[in-house]
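Engineer: Right, I'll just put the structure down here and ask away after.
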Amino acid sequence: MSENDLSSLALLASLSLHESELHGLVSGMIVRTPNGDEEAIARLVDRMRPGLCDRHALEQFSKVVFDDLIDPDCAYRLLLPTDEEELSSRVTGLRLWLLGFLEAVRPLAERKLSGPQADFFHEFHADLEQVADMEDVDDSDEDDLEEIEEALSSILEFLRIGVLNMFEIVKDEDI
């Protein structure tokens with residue numbers, strides 16, 4: 001599914017939540033409950049954000065995100081503002097995505113997984129918290145803009161691969 005289609009589904013699912021926050025929240029719920037179906041994920045998200053989402057559209061959105069996470073070609077991408085938008089908007093979108101994702105996986109982090117990959121999970125979770133605390137970006141400083149763009153691109157790929165790994169770790173834990 002294209003990013004525009006996923007973005008459209010996010011808008012149908014919730015007019016109240018930023019699409020990046022919704023995607024982070026749904027992604028985190030799927031990581032947290034990798035054997036759940038789209039109805040279960042939608043119920044969990046609705047409990048966290050009562051009344052802010054259309055259940056049917058949220059189920060469709062959850063199914064697409066789940067399908068992206070299990071895609072053998074690693075189709076999963078974070079739903080964030082596009083590269084054409086200002087850097088500050090993309091950083092805000094990333095923070096919102098992280099807010100939703102971290103809230104959803106917090107019970108796993110508190111529970112302290114014990115399997116062979118638990119260290120990765122906990123280290124990656126700590127890294128996510130650090131990224132969420134990054135400073136605002138000044139779009140007017142042209143000299144640093146290219147360097148910041150490259151750093152953001154690296155962070156996004158790090159997060160994408162990390163989320164895929166977290167999903168596999170939790171799925172293999174049989175929680």
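The values are calculated or read from the model by the stated rules, or taken from the named source; none is laboratory data. Since the model is a prediction, treat every value here as computed from it, not as a measurement. Quick reminder, even Gly has a Cβ in these numbers, built from the backbone with ideal geometry, and neighbours come from all protein chains shown. With ligands, DNA and RNA removed, areas are computed over all heavy atoms of the protein, side chains included. Shrake-Rupley method; radii C 1.70, N 1.55, O 1.52, S 1.80 Å.
Engineer: For residues that are open to solvent by 20 Å² or more (accessible area, probe 1.4 Å) and of a type outside the set (Asp, Glu), scanning just the stretch 145-159, find the one that is nearest to the chain's Cα centre (by Cα). Don't jump to the end; show me each part of the working.
Structural biologist: Within the stretch 145-159, the first condition is being open to solvent by 20 Å² or more (accessible area, probe 1.4 Å), and the residues that meet it are 145-151, 153-158.
Checking which are of a type outside the set (Asp, Glu) leaves us with 145, 148, 151, 153-156, 158.
Numbers: LEU145: 24, ILE148: 21, ALA151: 18, SER153: 15, SER154: 16, ILE155: 13, LEU156: 10, PHE158: 12 Å.
Once the filter is applied, the top-ranked residue is LEU156.
Engineer: Under the condition of being part of a helix (DSSP H, G or I) and more than 17 Å from GLU129 (Cβ to Cβ), which residue from the stretch 166-175 is most open to solvent (accessible area, probe 1.4 Å)?
Structural biologist: Here the answer is ASP172.
Engineer: Hey, any hits in the stretch 150-160 for a residue that's modelled with pLDDT under 80 and not hydrophobic (A, V, I, L, M, F, W, C)?
Structural biologist: As a first pass, look at the stretch 150-160 and keep what is modelled with pLDDT under 80: none.
There is no residue in the stretch 150-160 that is modelled with pLDDT under 80 and not hydrophobic (A, V, I, L, M, F, W, C).
Engineer: Within the stretch 32-91, track down each residue that is in a loop (DSSP other than H, G, I, E, B), open to solvent by 40 Å² or more (accessible area, probe 1.4 Å) and among the basic types (Lys, Arg).
Structural biologist: ARG77
Engineer: Say whether the condition of being more than 18 Å from MET29 (Cβ to Cβ), modelled with pLDDT of 85 or more and of a type in the set (A, V, I, L, M) is met by at least one residue in the stretch 132-148.
Structural biologist: Here is the first cut: in the stretch 132-148, the residues more than 18 Å from MET29 (Cβ to Cβ) are 133-148.
Pick out the ones that are also modelled with pLDDT of 85 or more and you get none.
No, the stretch 132-148 contains no residue that is more than 18 Å from MET29 (Cβ to Cβ), modelled with pLDDT of 85 or more and of a type in the set (A, V, I, L, M).
Engineer: Also, quick follow-up: Does GLU110 satisfy the condition of being open to solvent by 20 Å² or more (accessible area, probe 1.4 Å), more than 26 Å from LYS63 (Cβ to Cβ) and either among the aliphatic types (A, V, I, L, M) or out of contact with any Leu (no Cβ under 6 Å at 6 or more places or on another chain) (or both)?
Structural biologist: Yes; evaluated as a whole, the condition is true for this residue.
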